[in-house]
Amino acid sequence: MANPTVLSFLQVAAATEEVAPPLRVVQIEGLVILKIIKHCKEFSPALVTGQLLGLDVGSVLEVTNCFPFPIRDEEEEIEADGANYQLEMMRCLREVNVDNNTVGWYQSTLLGSFQTVELIETFMNYQENIKRCVCIIYDPSRSNQGVLALKALKLSDAFMDLYRNNNFSGEKLREKNLSWVDIFEEIPIKVSNSALVSAFMTELEADTPVTQCDYDRLQLSTNPFLERNVEFLIECMDDLSMEQQKVSAPFSFFLSFCNKFFIFTNSYQFFLTQVLY
């Protein structure tokens, strides 16, 4: 007779999956952060995105590598090409023995405007295959002010339940005690570097202090930002010109009418003077 206390491998795996600890920390290597910052700043203020690779270890999600997604025009955007690109990149990384497990994605934002419906839908698509994934949000505009605007987000469990059931009634939201601030959960970020990288950075430290002017010389990504801002300014000027034409059209008609009336009045007065005198 079989021992009832002996559990099969599938039962043990299922039990382990049920008691998986919640996600507490997102541990990112310093090289990954530098890659994200470089990619987002080069194309700022255009929005870019990329893939995060790493390992899911207990309550820690380790991000050990990343790669950017190519930017295509809206007319050239084909979903199959994007999927093939991701698979090919992950195959190449696997061949050189680099972590190729998808743990989420990163994307840039402008002035903190990242809470969109597209972000929620992307989270739901990822979590169909990856139960614990995060999105790294980087804001180059805020980082230029001296703050590293980098945060790790995930959808809250209560919101995901409502979203899956398409149950967004006011009663359900009050029952779950949800508001717009409860849609996303921010996970603390921990920056990690290997011992070799830490030793190398120590060797690179200069004996003399570095001034702000030395850092300003490294800022080479202002041209794309300036070009994009000029394009936005031109679009706004076109809209302003169209609105001014809409407003000034009735006023122009009134001025034209007044001018014609003034000319008619002067002509009539001249005619009367000629006839009477």
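The values are calculated or read from the model by the stated rules, or taken from the named source; none is laboratory data. This is a predicted model, so every value here is computed, not measured. Glycine also receives a Cβ, built like all others from the backbone with ideal geometry; neighbour counts cover every protein chain displayed.
Restricted to the stretch 28-43, and to residues that are outside any helix (DSSP H, G or I) and hydrophobic (A, V, I, L, M, F, W, C), which residue is farthest from Cys66 (Cα to Cα)?
Phe43
Has the stretch 164-182 got at least one residue that is without any contact (Cβ under 8 Å) to a residue 40 or more places away in the chain, in a helix (DSSP H, G or I), under 19 Å from the mean Cα position of the chain (by Cα) and surrounded by fewer than 12 Cβ atoms within 10 Å (Cβ to Cβ)?
yes
Please work out if Tyr106 is hydroxyl-bearing (Ser, Thr, Tyr), surrounded by 12 or more Cβ atoms within 10 Å (Cβ to Cβ) and either touching a Cys at 6+ places or on another chain (Cβ under 6 Å) or part of a loop (DSSP other than H, G, I, E, B) (or both).
Here the answer is no, as Tyr106 does not meet what is asked.
Regarding the stretch 69-76, can at least one residue be identified that is surrounded by 15 or more Cβ atoms within 10 Å (Cβ to Cβ) and either touching a Pro at 6+ places or on another chain (Cβ under 9 Å) or at pLDDT 80 or above (or both)?
Yes, there is a match, as at least one residue in the stretch 69-76 is surrounded by 15 or more Cβ atoms within 10 Å (Cβ to Cβ) and either touching a Pro at 6+ places or on another chain (Cβ under 9 Å) or at pLDDT 80 or above (or both).
In the stretch 212-225, which residues are surrounded by 10 or more Cβ atoms within 10 Å (Cβ to Cβ) and either touching a Leu at 6+ places or on another chain (Cβ under 7 Å) or at pLDDT 60 or above (or both)?
Scanning the stretch 212-225 gives Pro224, Phe225.
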